[in-house]
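Visitor: Provided herewith is a single structure, encoded as structure tokens, for subsequent inquiry.
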Amino acid sequence: MAVASVAILALLTAAVLFGPLAWRMPINEIDFTARLSSPSWEHPFGTDDLGQDLLARMLYGGRISLAVGFAAMAVAIIVGTLIGAISGISRGSVDAVLMWITDLFLALPQLPLLLLVIYLFRDFLKNLVGAEGGVFILIVLVIGAFRWMPVARLVRAQFLSLREKEFVEAARALGATTPRLVMRHILPNSLGPVIVAGTIDVAAAIIAESTLSFLGLGFPPDIPTWGRLLFDAKDYLDIAPHWALFAGAAIFLTVLAINFIGDGLRDALDPRKVM
Amino acid sequence: MQERELRNLIADVKTGQLSRRAFVQRMIAVGLTAPLAGMMLAQSGVPMAAAEIPYKPTKAGGGGVLKLLYWQAVTLLNPHFAIGTKDQEGSRIFYEPLAGWDAEGNLVAVLAAEIPTKDNDGLAEDGRSVVWKLKRGVKWHDGKPFTADDVVFTWEYARTPETAAVSIGSYKDVKAEKVDDFTVRVTFAKPTPYWADAFVGVYGMILPKHLFADYIGAKSRDAPTNLKPVGTGPYLFVDFKPGDMVLAKRNPDYHVANRPYFDTLEVKGGGDAVSAARAVLQTGEYDYAWNMQVEDEILQKLEAGGKGRVNINLSGNVEFIMLNATDPAVEVDGERASVKTRHPLFSDPAVRQAINLLIDRASIQKFIYGRAAVASANFLNNPERFRSKNTKFELNIEKANAILEAAGWKKGADGIRAKDGKALKFVYQTSINAPRQKTQAIIKQACQKAGIDVELKQVVGSVFFSSDTANPDTYPHFYCDAQMYNTTMPQPDPQIFMNQYLSWEIANKENKWQGRNVSRWQNKEYDAIYKQAEQELDAVKRAAMYIKLNDMVVGDNYIQPLLARSRVAALKNGLTAHLSGWDMDMWQLANWYREA
Amino acid sequence: MGKYILRRLLIALPSLLGISLILFVLLALAPGDPFGELATNSNIPPEVRAALRVKFGIDDPILIRYLRWLAAMLQGDWGFSFASRIDVDKLILQRVPTTLFVVGSSQLLALVVALPVGVYAAMRPYSIFDQIANTFAFIGFSLPTFFTGLLLILIFSINLGWLPFVYRADIAATGWQWAFEYFKQAIMPITVLGLFQAASYTRYVRSAVLDVIRLDYVTTARSKGLDESKVVIKHVVRNALIPVVTLVALQMPAVFGGAIITEQIFRIPGIGSLLIAAILANDTPVIMAVTFVFACLVVIFNLLADIIYGWLDPRISYR
């Protein structure tokens, strides 16, 4: 299963990376005569309401969607695991401070904060790394910043429970240092929820990107990311279902593949394998 | 169009060669409003048409429940505090003005006994006063009689700055006095050609003195009646949940016989425009849905179900693009887009002319706005004898290319034109809104074909349309090369509307970008004609001046009108609603009825 | 234990104060102004807008506004809405019952679906049941609620005509009729939210149970010949509940805070739609009040979770 999933994911990645080279239709060619047409040889995925080719748009937008999905997931997981682990092992005031920060982030109202972020940093990042790169970094950081808190709380809870388990006690009695305890014994055993969170976050980030573009924070609305395609298509669901179908299917396939890979990963990491 | 031509047209209306409606439509086409056209006719001796509003029911009540859907929910019910149209509409269920505007720009009496004219001695010859006769026997919802005191009080209330009423603009420069219990005289400081502003239409709703008298000025926010309206309208207040719904029931003492038809009224708010359209046109759960900002394609598909229809009314709103006259990239004295600079690209008239030729107005209308807008350069196109060679709009990429080529903008290796080291690249911003993004895409593509590189930028509406002095992304800052939005005409008179191109109205750092002239376009002749028009009492001469002003702005190609937007509502089959583009949708609520 | 809770509660107060200050500053700095819509209206002279700003004290320094807000809050005055010109607490209280009902039921639905499915799937990993459950879960979280909500509306309201899709908090009927109508209109929003949540819960529960089921003491319990269902409930589920409790505690504040997108789609007059309307109108007092209550709930529920950990796993010590 996991192997097949790796293959699917590789195929999707290859398609969005090299697809635009093979399918040369421009993404923004407006053709009013071919509006909302169903899939055909000329437009294998059909067209949208401006007659733009959906296959070309899917391939182009997929690069951004996949990149944002994985990068934002990585940010959320790394930050969350780090904070959760430190908090769970150290306790006391360090734990209190870190959990206060977690609570604060959970409490922040996202929309006004996003508007503030755009206002403060967009031009700065644009000047620093160019328009596209700046937007990419901003999106990844913003989505990551809003999604690490559950991971941190989960990892901390695992740590609280695991650090008192017999095998950890045993290792501690044998004189293992704290970093070694964490790296060798506690962390590997607390990765279960982290892997689940990671696989869910990829889907969440792909979708979140589309909502961000409504705030002017994401990529401009004329860049057809998968989430964006799904959003634009929703009002035409009963008129032109093909529009939503392919974008939805692509997101689903990605989620499916990465989840099976995640399951495979946890089984492989776990010495007491059940199967 | 000159004054003489206007007079000829009016003569045609008088002799019956031209219908009133056709006249009004032509005035709209040259950038005037229907109410102004109506007043022009009235002053020239063509009386306002006796507006016959059809109404079939023979008794009040019996209509069951009327369900209205607003995708922006009503948040307050005091018309003088209304922040958006939705609040004005909600208030209009309970409160009424002296008169309202119909779709043809005629004044229709509501709480007035008659519309003031020169013949009934309502209008003074010198244009300095107007006398309103009030309808007798009207009662407030609590049973108290409606009199001239209420009208004078409303003026006092709205004009007091501490009340912070949004209607202050209509009241601060006039004086209202009671002549007798049912007569009010409004006097103006100077001759005023447009007299039907105070007590009329959107900002004209009359408040009951006996309930608001203690809450004038700074205490205005504490009035309990702000949330529980007591008006003279056809429906009585039952319940209100801000941001969600308004409930009302039939007023058995309404001052017009046999009205209203419905027993109860329910206004639900929230959600989005498309699903609101579905609830009326597709499932028939609701009778009416407000402001259908939905792609026409979807509306047509929904209408095909046969449960409801779309109602379209012309309005004074214009969707347009403005090109920055100043340079947003250069900072002078701490502000960008300073009037001391000139735009590096747009200062060349050839560039502006080319861009005008690259806007595919016809397709934008046909494929995006559909029936909800009319492609327009805001000029008279018909009949033939009025058509000006300079004013028609067209999409002509070849011609645009030729103009740029002739002006010395040569294509580089990347296909982008350049001249003197300046590449033809500009940033074009607007608010986030699906039809606007599609419009941007269409214009960007046409520009590409002419060797112009357009970068699109979108700003979320709540930021773009704010007056935040610190945020450079608001439309009054206009720190961008080009921008697009819809300019609304809250008053049916162009005087205030046209101040957005006056040189002393330029938005800048000094006035915290509160100035109305956002494009920073200026012209001495424009300023002079505007000042003249302010004093001009002859409605026809005044109209000719505004047409001239309009021509000057648009003719210079800094301002590029795209579409005259219409107001669109969805109605369930069988419902008769009398909607007007010049007043609120609720303006004739008392006369709404349903047929099986 | 008691001492621990007391200490945590004492810490909670200053930490909430800190959070409230940060929230306030953030909202004050965020772009937009509450009278922006008036700015596009040519009928309103700039002086009026200036007068309004003075009246609502928008131009004062942030710290002074914060202290004023804090002082009022301590006296139970939640502030005054710019947009509705009404006291904020009234506005919020009108919305609370609907939100509690809709979001609360959906959370309940999510747990009722996810717990048994997750546990059962984990006990037989890679069985047919597990595969099907997983596939549904993947569909569940790869489709956003704006999409599934609309899909349900198209199917059940428009094509079949079974369910209404405009939610009304004021149904005129009484008794059973009322309950039935109320239930009917709540089915779709609760399903959309509940299943979206259930999808991720299922995955977490499955993973947590898998983690525990492999631990030595479970194997020991099994080898002692204990009844399988006893093993599952007593040892496995109890230990696996730790991550689940964490997640539920994270979600509980949302029962008050509402679900913005779903509330928009179905026009549910809940806190979520109030918040989004307030944000779009830059109605700061309302945003501040809602987010502050939300923050209090976040702190309280995370504290609760910490306490429950100790009950679930007595070896977790508090220091």
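Visitor: Along the Cα-to-Cβ line of B:Ser347, 7 Å from the Cα, sits a label point; which residues in region B:515-556 have backbone N less than 19 Å from it?
Guide: Only B:519-524, B:556 fall inside the zone, counting backbone N under 19 Å.
Visitor: Give, ordered by residue number, each residue of region A:78-120 whose 1.4 Å probe accessible area is reduced by a minimum of 50 Å² on adding the remaining protein chains to the chain alone.
Guide: In region A:78-120, residues shielded by partner chains: A:Arg91, A:Trp100, A:Asp103, A:Leu104, A:Leu106, A:Ala107, A:Pro109, A:Leu111, A:Pro112, A:Leu115, A:Leu116, A:Tyr119.
Visitor: Taking chain A as the reference, fit the longest principal axis to its C-alpha atoms, fit the long axis of helix A:148-162 to the helix C-alpha atoms, and give the angle between the two in degrees, 0 to 90, nearest 10.
Guide: Tilt of helix A:148-162: around 30 degrees.
Visitor: Leaving out ligands and nucleic acids, note down the accessible area per residue over the protein assembly as shown with a 1.4 angstrom probe, in whole Å².
Guide: Here the residues of the protein assembly as shown average 38 Å² of exposed surface.
Visitor: 7 Å from Cα along Cα→Cβ at both C:Arg7 and B:Lys509: what's the point-to-point distance in nm?
Guide: Distance between label points: 5.5 nm.
Visitor: Could you work out how far the C-alpha centroid of region A:217-253 sits from that of region B:415-453, in angstrom?
Guide: After rounding, the separation between the Cα centres reads 24 Å.
Visitor: Then there's this: Under the rule a/c < 1.5 gives rounded, and otherwise a/b versus b/c splits prolate from oblate, where does region A:74-113 land using the Cα gyration tensor?
Guide: oblate
Visitor: Rg and Dmax of the protein assembly as shown over Cα atoms: what are they, in angstrom?
Guide: When restricted to the Cα atoms of the protein assembly as shown, Rg and Dmax are 32.3, 111 Å.
Visitor: Related question: Of all the accessible heavy-atom surface of region A:39-126, with the other protein chains kept in place and a 1.4 Å probe, what percent is carbon and sulfur?
Guide: The C+S portion of the solvent-accessible surface of region A:39-126 is 76 percent.
Visitor: Now for a different question. May I ask for the angle, rounded to the nearest 10°, between helix A:2-22 and the longest principal axis of chain A, with both axes built from Cα atoms and the value confined to 0 to 90°?
Guide: Orientation of helix A:2-22: about 40 degrees from the principal axis.
Visitor: Given a 1.4 Å probe and heavy atoms of the protein chains only, how would you sort B:Lys399, B:Lys340, largest accessible area at the top?
Guide: Accessible-area ranking of B:Lys399, B:Lys340, largest first: B:Lys340, B:Lys399.
Visitor: Determine which lysines satisfy two conditions relative to B:Lys219: a Cα distance under 17 Å, and not lying fewer than 8 residues away in the same chain.
Guide: Candidates past the 8-residue exclusion: B:Lys209, B:Lys228, C:Lys55.
Visitor: Quick one: how many Å² of C:Tyr201 are accessible to a 1.4 Å probe, rounded to 10?
Guide: Near enough 10 Å² of accessible area.
Visitor: So what are the ³J(HN,Hα) numbers for region B:236-242, from phi and the Karplus equation (6.51, -1.76, 1.60; θ = phi - 60°), rounded to whole Hz, Gly and Pro as x?
Guide: Once θ is set to phi - 60°, the couplings for region B:236-242 become 8, 5, 10, 7, 8, 10, x Hz.
Visitor: Give me a comma-separated list of calculated 3J(HN,Hα) values for region C:136-152, in order, Karplus coefficients 6.51, -1.76, 1.60 applied at θ = phi - 60°, integers in Hz, x for any Gly or Pro.
Guide: With the stated coefficients, region C:136-152 comes to 4, 4, 5, 4, x, 9, 8, 9, x, 5, 4, 7, 5, x, 5, 4, 4 Hz.
Visitor: Using the Kirkwood radius over Cα pairs, work out the Stokes-Einstein diffusion coefficient for region B:294-335 at 25 °C and 0.890 mPa s, in µm²/s as a whole number.
Guide: Translational diffusion coefficient: 163 µm²/s.
Visitor: Just read off the accessible area of B:Lys133 with the full protein assembly in place, 1.4 Å probe, to the nearest 10 Å².
Guide: Here the accessible area works out near 90 Å².
Visitor: Same structure, new question: Can you list residues whose amide H is under 5 Å from B:Thr576's amide H, if they're 5+ apart or on another chain and H is modeled 1.01 Å from N?
Guide: B:Tyr593, B:Arg594, B:Glu595
Visitor: Please give the helix B:397-406 orientation as an angle from the longest Cα principal axis of chain B, in degrees from 0 to 90, rounded to the nearest 10.
Guide: Once rounded, the angle reads 50 degrees.
Visitor: Accessible area of chain C with a 1.4 Å probe: how many percent of it is carbon plus sulfur?
Guide: Roughly 72 percent of what the probe reaches on chain C is carbon or sulfur.
Visitor: Same structure, new question: Among rounded, prolate and oblate, which fits chain C when a ≥ b ≥ c are the square roots of the eigenvalues of its C-alpha gyration tensor, a/c under 1.5 means rounded, and a/b larger than b/c means prolate?
Guide: Judged from the Cα gyration tensor, chain C comes out oblate (a/c at least 1.5, b/c at or above a/b).
Visitor: With the contact rule set at Cα under 8 Å and sequence spacing of 6 or more, what percent relative contact order holds for chain C?
Guide: For chain C, the relative contact order is 27 percent.
Visitor: A further question follows. Let me test this: with uniform point scatterers at the alpha carbons of region A:144-275, what is the Debye-based log₁₀ I(q)/I(0) at q = 0.12, 0.14, 0.15 1/Å?
Guide: Relative scattering, expressed as log10 I(q)/I(0), comes to -0.65, -0.78, -0.83.
Visitor: Between B:Glu525 and B:Ala22, what length comes free when the chain is fully extended (0.36 nm per residue of separation minus the Cα-Cα distance, one decimal in nm)?
Guide: The B:Glu525-B:Ala22 span can extend by a further 178.0 nm.
Visitor: Quick one: longest stretch of chain A between exposed loop GluC sites (Glu not before Pro), exposed meaning at most 16 other C-beta atoms within 10 Å and loop per DSSP?
Guide: A:43-163
Visitor: A follow-up question, please. Mind giving me the FRET efficiency for A:Leu128 and C:Asp59? R0 is 35 Å, r the Cβ-Cβ distance, nearest 0.05 is fine.
Guide: 0.60
Visitor: Please list the non-local residues whose amide H lies under 5 Å from the amide H of B:Ser315, H modeled 1.01 Å from N, same-chain partners needing a gap of 5 or more.
Guide: Amide H neighbours of B:Ser315: B:Arg567.
Visitor: Kirkwood hydrodynamic radius (Cα pairs, Å) of chain B?
Guide: 25.5
Visitor: For region C:46-82, which residues drop by 40 square angstrom or more in accessible area between the chain on its own and all protein chains together (1.4 Å probe)?
Guide: So the qualifying set is C:Val48, C:Arg49, C:Lys55, C:Phe80.
Visitor: Please give me, ordered by residue number, the GluC sites (Glu not before Pro) of region B:1-77 that lie in loop per DSSP and have at most 15 other Cβ atoms within 10 Å.
Guide: B:Glu52
Visitor: Check the straight Cα-Cα distances from B:Lys172 and name the aspartates and glutamates below 19 Å, setting aside those fewer than 8 residues away within the same chain.
Guide: B:Asp149, B:Asp150, B:Glu156, B:Glu162, B:Asp197, B:Asp493, B:Glu534, C:Glu47
Visitor: Which of the lysines could a cross-linker span from B:Lys419 if the Cα-Cα distance has to be under 28 Å and same-chain partners fewer than 8 positions apart are dropped?
Guide: By straight Cα distance, B:Lys419 reaches A:Lys126, B:Lys340, B:Lys399, B:Lys410, B:Lys411, B:Lys444, B:Lys449, B:Lys457.
Visitor: When the expected Rg is taken as 2.2 N^0.38 Å, what fraction or multiple of it is the alpha-carbon Rg of region B:18-126?
Guide: 1.32
Visitor: According to a simple spin-label model (label point 7 Å from Cα along Cα-to-Cβ), what is the distance in nm between B:Asp126 and A:Met183?
Guide: Once both label points are built, they end up 9.6 nm from each other.
Visitor: Given R₀ = 45 Å, FRET efficiency for B:Gln532-B:Lys410 by Cβ-Cβ distance, to 0.05?
Guide: My answer for the efficiency is 0.50.
Visitor: Quote the FRET efficiency, to the nearest 0.05, computed for C:Ala51 versus C:Ala179 with a Förster distance R0 of 60 Å and r equal to the Cβ-Cβ distance.
Guide: Approximately 0.75, to the nearest 0.05.
Visitor: Ranking request for peptides C:250-256, A:63-69: highest mean number of other beta-carbon atoms within 10 Å first, then the rest in descending order.
Guide: Packing proxy ranking, top to bottom: A:63-69, C:250-256.
Visitor: A follow-up question, please. Loop-only check: which trypsin sites (Lys or Arg not before Pro) in region B:1-95 are DSSP coil with at most 12 other Cβ within 10 angstrom?
Guide: Those satisfying the criteria are B:Lys59.
Visitor: What's the total accessible area buried between chains B and C, using a 1.4 Å probe, rounded to the nearest 100 Å²?
Guide: 4300
The values are calculated or read from the model by the stated rules, or taken from the named source; none is laboratory data. Keep in mind the model is a prediction, meaning the values are calculated, not measured. FYI the Cβ positions are ideal-geometry reconstructions off the backbone, even for glycines, and counts take in every protein chain you see. In case anyone asks, the SASA skips ligands and DNA or RNA and just uses the protein heavy atoms, side chains included. Shrake-Rupley method; radii C 1.70, N 1.55, O 1.52, S 1.80 Å.
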